[in-house]
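Let me begin by presenting the structure, written as structure tokens, before commenting on it.
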Amino acid sequence: MYIAIVEGNPHLRSLLGWHLQQAGYGTQTAATIEQARKIFYHQQISLAIVDSDLPDGDGIELCRWLYQQKQSLILILSARNTEKDIVSGFKAGADDYLTKPFGMQEFLARSEALLRRNRLALAPVYLDYGDLKIDLVHRRVQFRGDFIDLTPQEFSLLYVLTQAEGEALSRSELLRRAWPDAIDNPRTIDTHVLSLRKKIEIDPRQPSLIQTVRNVGYRFNSESSKKDRRNSLSRIESRN
């Protein structure tokens, strides 16, 4: 279980990390939004502790991005203490909001309370779509029993598509959710989708898992893998 600390103040960042480590948690630290995105891009994080004022931007915007990933719970730390600020934080996706200055015992108690909630409603760590199996912890993918070599970016794109639960996502939305850095070329998505299809589709020229939705973008069709599995079972039963 890892906690990410995204805090611009180096002294506070180190202090928070030390106390969490003493409490038995693994930590990852970042000073900027750019560094934080790279952490979430490569590591499964249970709790994100985010400063609202970061050197390279607004931490509230990072919270919105994290909320869309559905990867971790979020605790905002902020010197902004008006009711409007706090409400904005919760609307951005925060699970808790702690105003500065704060006591370390209160900080630890709030963090532990969020992590207890996380244990009660753990996100799946393994996705099974029949022929396609996705290990979210180790970021590994199997297709028809074989491990598939995906790049980190291909894995993130596949993950975001599966989390949309069949909803079609535009290229710009996929870039915003799946890429750690801002990219202006939506056609980057097409290149990565083409590469993914070559690795996880039975026939990449007639894709059934990652479908193109005209004038929109792409969607993940989980029903396709279930149908393929039913058809395979039917063929086995008929031979018997």
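The values are calculated or read from the model by the stated rules, or taken from the named source; none is laboratory data. Just so we're clear, the structure is a prediction, and the values are computed from it rather than from any experiment. Methodologically, a virtual Cβ is constructed for each residue, glycine included, from the backbone with ideal geometry; neighbour enumeration extends over all protein chains shown.
Results for (1) in a loop (DSSP other than H, G, I, E, B); (2) outside the structural domain of Tyr41 (by TED's automatic domain parsing); (3) farther than 28 Å from Leu174 by Cβ, shown as yes or no for each residue.
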| site | (1), (2), (3) |
| --- | --- |
| Leu66 | no, no, no |
| Gln71 | yes, no, no |
| Leu75 | no, no, no |
| Asp85 | no, no, yes |
| Gly89 | no, no, no |
| Ala94 | yes, no, no |
| Tyr97 | no, no, yes |
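Only one of Thr151, Thr99, Thr162 is of a type in the set (Ser, Thr, Tyr) and surrounded by fewer than 15 Cβ atoms within 10 Å (Cβ to Cβ); which?
Values: Thr99 fails: surrounded by fewer than 15 Cβ atoms within 10 Å (Cβ to Cβ); Thr162 fails: surrounded by fewer than 15 Cβ atoms within 10 Å (Cβ to Cβ).
Being of a type in the set (Ser, Thr, Tyr) and surrounded by fewer than 15 Cβ atoms within 10 Å (Cβ to Cβ) holds for just one of Thr151, Thr99, Thr162, which is Thr151.
Gln105 falls short on exactly one of the conditions (1) exposed (fewer than 14 other Cβ atoms within 10 Å of the Cβ); (2) assigned to a loop (DSSP other than H, G, I, E, B); (3) of a type outside the set (Asp, Glu), and that condition is (2). Checked against (1) at pLDDT below 95; (2) touching a strand residue (DSSP E or B) at 6+ places or on another chain (Cβ under 7 Å); (3) within 25 Å of His138 (Cα to Cα), Gln68 meets all criteria but (2).
When restricted to residues that are within 27 Å of Tyr41 (Cβ to Cβ), surrounded by fewer than 18 Cβ atoms within 10 Å (Cβ to Cβ) and out of contact with any strand residue (DSSP E or B) (no Cβ under 7 Å at 6 or more places or on another chain), segment 81-96 contains 1.
Considering every residue within segment 42-64, establish whether at least one is assigned to a loop (DSSP other than H, G, I, E, B), farther than 20 Å from Ala178 by Cβ, of a type outside the set (Lys, Arg) and free of Cβ contacts under 8 Å to residues at least 24 places away in the same chain. No: zero hits.
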